[in-house]
Amino acid sequence: MAAQVTLSAPPRTAFYNDPVIRGIIYQILVALAVILFFAWIILNTAQNLAAQNKSTGFDFLFQTSGFGISFTLIPFDRSSYYWQAFLVGLLNTLLVAIIGIVFATILGFVLGVARLSSNWLVARIATVYVEIIRNIPLLLQLFFWYFAVLKAMPAVRQSYELPFNTFINQRGIIVPKPLPDSEMTFVIVALVLAIVAAIAIVRWAMSVRTATGHYPQPVVWGSLFANLLITFGFGFVAGSLLTGIFPALSGIVGFPLIAGAVLAGISLTPYTRFGRAFIGFVLTWAVMAFLLEGMFAFVPPMVIALAAVLTAAAVAWIMIKGDGRPAAEGKFPLALAVLIIIAVPGLVYWLTGATLNFEVPILERFNFSGGVQLVPELVALVFGLTIYTAAFIAENVRSGIQAVSKGQTEAAASLGLREGDRLRLVVIPQAMRVIIPPLTSQYLNLTKNSSLGAAIGYPELVNVFMGTTLNQTGKAIEVIAITMAVYLTLSLTTSAFMNWYNARVALVER
Amino acid sequence: MTYSFVRQDMVDARGAPVNTSGPIAWARRSLFATPSDALLTILAIVFLIWAIPPIYGFIAPTGIGGNAVAPGGTVEDCRVENAGACWAYISARMSFFIYGFYPPAEYWRPNIVFALGALLLFPLLTPKAPFKRTNAVLFFVVYPVICFYLLNGGVFGMRPVPTEQWGGLMVTLIISLVGIICSIPLGILLALGRQSSLPIIKTLCVMFIELWRAVPLITVLFMASVMLPLFMPQGTTVDKLLRALVGVTLFSSAYLAETVRGGLQALPRGQYEAASSLGLSYWKSMGFIILPQALKHVIPGIVNSFIALFKDTSLVSIVGIFDLLNTVQAASSDIEWSSPTQAITGYLFAGFVFWIFCFAMSRYSIYMERRLDTGHKR
């Protein structure tokens, strides 16, 4: 007898308990609520605008603005249009963002590596920097730089004079203005071409070495030659510095030339590192003496000279103990690349007879004439953004390097790579994968934070457009929409880049 | 009988190993390990010798080797050539920095608010303290209501104090507290919405989050202060502080949503599946299974976004609200105390206050991270 199986019908549930239908109902309700909310807002806005007798539309962009802007990259005056004001603001934002990004990246990487340094003191200094800067609002730091530091600088007549004809006073930093003539274009083109060529040659040399184990012969000879020339140049500089320190040496005619030639000669022998150590010694001595003299005004000169010599001796010691690989043989052809980048534009400069003059700022009765005036708002904003963002970048760099497991370093060490190569070839490439995404968002943060320039009067987008333009035209909705659209575009572009990069470098997992 | 290859005399004992403990060994290891290290150490010491004495001289009062004017000093002391920080000015203006323009007769009201807040906050942050749920309800729901009525007045015969008179550290704390309290539920809802399988809800949440995250807070505040009155029905006025609060809350909830999303994504799928196999509804599975674990994962991240929020509150000074930074900025043009170091002293003070709060929060976040790290690391 067959078992009787009664198939029960699926449980009857009310249609509103079906998850799919529920989902649809929820969504319809939410969409309705959102639409109603927006309708309510738009209605209110329309009524409010009608009550205030205001019109809407973007035609105000083509009216004359009637205000001046203190710092512009493109010509702008009172008769310019509002869209030009928008452009001025946008360009100023981008200017400050780009400068800030460059400096913050450099400072941030240095600090991030310093935080992981095995040197206790260096690591501690970097940690203190990061912990202080990260925990204080950026706006406060901007106020500090602007009101307490730059605005407290002396008046124009008592300007501090810095090296290279640079002056700093209440009205900002005044630097010499480069006056390139038309032939300078060739030099710049030559410079770009030389950089491209140098990179191409280095890459080719590296690929040949990867394939055969040796750098190509022309590159080796070129490197040797470049090394000779560059050593001669450094030797010449060291010789001139020495004549400055020991006037007795100036009795020898052409001492710097002789020094350069001797050192270049040494660089051909196996004792090249002693020659380099000598150059390092003289240069460090000069730089340290100059720095210490500036830093400690009240310390007797004997102590300063002693400290400078000690530091220079330490540098020389490092260079003598440093790697003993022959200069042009197995070594990365850095000298050749440097020579190409310096020599090619130099040659073009000499051949075309281009001149690069500098218009030196001169103090006249009330103000400086000539030179470029970097307004204090710009300087304060760049300072503040750089210092603040660098603290965050340092943290990203640190966590990126720490994310590379210790086994990688040990594996590299067991392959016989030395410390520098371990970092360069094994750790950093893997750390970059972790560092780049947060780094990009720090760049974006810096760009967004540049809007705080409005608070110290730097004419960037928010200040010029959401501040002055909005106040004058009263077109709140349009102005705010445009401004937000700009930042939205920047942000979405950056995230698009980030997604692309992430997809490119993501680990391919099993 | 002797073998030439058998050693007759003992090998000399090796020299004692170089110290591995004690200050000299430590210095050798962490300051002078290599020549480059030694060079760096020398440079760092030179830098410190250069930087620290002037900073110390500026901050420390005259009694202990500095040039600063201790609280109780007069403005003449601060105007002396080469005088350091004018702490006397800070102590004289302290009540302004804390309460803004709040009427001095009513200072007891913000004081009660501060005390009550501290009283509720400490047990909430101590992991071992009991009655967490009651405590949380009191802090997140009851406390803000009490605060509002206490500060605003107008009930129980308390004199009404309009928000225009609120200021200083009080307003900074209020804005961050309201921002934190309101942005937690909003942020969680947004994060859930972004993870949702319902396309319309997901799109709306993504748009909301990405819009706020893309724009700087200052534009949001401008928008709140300019456009919010336009959005409201005719005749309604929105309080200035409330506008800023709305802006800050929306902004920080978007950031919080992304933090919470990180926690939701870090949970293994099995947790979601286990919850549904128990027959729990969406909200129950979220409330009992998913969120408790996800939030626990991201407590450090949440605290970090609170730090960012706390620092960002300083931006409300741009739309004219008298928070701590704005009171300091306003007081720095105070003629009665005008001296060369007046502005810089004010900024040092404000920076120190902000730093204390943020540093405490970040230490707490590290502490929680260590506590919650239940050892899944290799």
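None of the figures in this text is laboratory data; all of them are computed from the coordinates on show. Source: prediction; values computed, not measured. Cβ: placed from backbone, ideal geometry, glycine included. Neighbour counts: every protein chain shown.
Which percent of the Cα-Cα distances in segment A:213-294 go past 19 Å?
Details: 1487 of 3321 pairs.
Cα-Cα pairs of segment A:213-294 separated by over 19 Å account for 45 percent.
Output needed: percent of Cα pairs per 5 Å distance bin for segment B:200-342, bins running from 0 to the one holding the longest distance.
In order of increasing distance, the bins hold 2, 8, 13, 14, 14, 13, 11, 9, 7, 4, 2, 1, 1, 1, 0 percent.
Please give the peptides B:42-49, A:258-265 ranked by average Cβ packing (other Cβ atoms within 10 Å per residue), highest first, as a rough proxy for protection. Walk me through the numbers before you get to the answer.
Working: B:42-49: 15.4, A:258-265: 19.1.
Result, highest mean first: A:258-265, B:42-49.
Tally Lys/Arg at +1 and Asp/Glu at -1 over every other residue whose Cβ is under 10 Å from the Cβ of B:Phe359; what's the total? Please report the intermediate quantities before stating the final value.
Working: positive: A:Arg134, B:Arg363; negative: A:Glu131.
Cβ neighbours under 10 Å give a net charge of +1.
How many angstrom lie between the C-alpha centres of segment A:67-85 and segment B:37-114?
Cα centroid to Cα centroid, the span is 42 Å.
Give me the one-decimal Kirkwood hydrodynamic radius in Å for the protein assembly as shown, with the sum taken over alpha-carbon pairs.
One over the average 1/r among Cα pairs gives 32.8 Å for the protein assembly as shown.
Counting every Cα pair in segment A:184-330, what percent are over 19 Å apart?
65
Which three extents, in angstrom, do the Cα atoms of segment B:102-141 have along their principal axes, listed largest first?
Principal-axis extents of the Cα atoms in segment B:102-141, largest first: 39, 17, 10 Å.
Rounded to a whole number of µm²/s, how large is the Stokes-Einstein D of segment A:384-510 at 20 °C and 1.002 mPa s, given Rh as the Kirkwood radius over C-alpha pairs?
Result for D is 122 µm²/s.
If you line up the Cα atoms of chain B on their principal axes, what length do they span on each, largest first, in Å?
Computed over chain B, the largest-to-smallest principal extents equal 118, 77, 40 Å.
Grab the alpha carbons of segment A:239-397, take their convex hull, and tell me the volume per residue in Å³.
Working: hull volume 42.9 nm³, N = 159.
With only Cα atoms used, segment A:239-397 gives 270 Å³ per residue.
Would you mind giving the average projected area, over all directions, of the Cα convex hull of segment B:311-378 in nm² with one decimal?
Its average projected convex-hull area is 6.7 nm².
Please list, in order along segment A:221-226, the HN-Hα scalar couplings obtained from phi with the Karplus expression 6.51 cos²θ - 1.76 cosθ + 1.60 (θ = phi - 60°), rounded to whole Hz, x for Gly and Pro.
5, x, 4, 4, 4, 4
Restricting attention to chain B, give the cysteines that have no other cysteine Cβ less than 4.7 angstrom from their Cβ.
Unpaired cysteines in chain B: B:Cys147, B:Cys182, B:Cys205, B:Cys358.
What's the FRET efficiency of A:Asn471 with B:Glu336 using the Cβ-Cβ distance as r and R₀ = 35 Å, to the nearest 0.05? Write out the running numbers ahead of the final one.
On the way: r = 32 Å, r/R0 = 0.92.
FRET efficiency, A:Asn471 to B:Glu336: 0.60.
For n ≥ 4 DSSP H runs only, could you compute -39500 (n - 2.57) per run for the protein assembly as shown, divide by its residues and tell me the 222 nm figure to the nearest 500?
-21000 deg cm²/dmol
Could you pull the Rg and Dmax for segment B:84-234, using just the Cα atoms, both in Å?
19.7, 62
Compare B:Val238, B:Val298, B:Val171 in a GNM of chain B, Cα atoms joined below 10 Å, and give the one with the largest fluctuation.
B:Val238
Please report the equivalent ellipsoid semi-axes of segment B:1-139, computed as sqrt(5 x eigenvalue) of the Cα gyration tensor, largest first, in whole Å.
Working from the Cα gyration tensor, I get semi-axes of 60, 33, 11 Å.
Which lysines does A:Lys321 reach when only Cα atoms under 18 Å apart count, and residues fewer than 8 places away in its own chain are ignored?
A:Lys331
Checking the table A:Lys475/B:Lys202; A:Lys151/A:Lys475; B:Lys128/B:Lys284; B:Lys202/B:Lys284 against a 22 Å threshold on Cα-Cα, which pairs fail?
A:Lys475/B:Lys202; A:Lys151/A:Lys475; B:Lys128/B:Lys284
Can you give the net charge of the other residues whose Cβ lies under 14 Å from the Cβ of B:Tyr255, counting K and R as +1 and D and E as -1?
Its environment carries a net charge of +2.
Roughly how many nanometres apart are two label points built 7 Å out from the Cα toward the Cβ at A:Leu306 and A:Asp421?
Taking the two extended label points, one gets 4.2 nm.
What lysines sit close enough to A:Lys448 to cross-link, taking a C-alpha to C-alpha distance under 18 Å and skipping anything fewer than 8 places away on the same chain?
B:Lys311
How far is the Cα center of segment B:185-263 from the Cα center of segment B:302-340, in Å?
Spelled out, the Cα-based centre of one part sits 23 Å from the other.
What is the percent of Cα-Cα separations in segment B:151-234 that go past 22 Å?
On the way: 1744 of 3486 pairs.
When all Cα pairs of segment B:151-234 are counted, 50 percent exceed 22 Å.
Which value in Å is the Kirkwood Rh of segment A:66-220 over different Cα pairs? Could the numbers behind the result be given before it?
Numbers: mean 1/r = 0.0468 Å⁻¹.
The answer is 21.4 Å.
Compute the Rg to Rh ratio over segment B:262-378 from the alpha carbon atoms, using the Kirkwood formula for Rh, and round to two decimal places.
Rounded to two decimals, Rg over Rh is 1.24.
Counting residues in chain A as N, plug N into 2.2 N^0.38 Å and put the Cα Rg over that result.
Working: Rg = 31.5 Å, N = 510, 2.2 N^0.38 = 23.5 Å.
It is 1.34.
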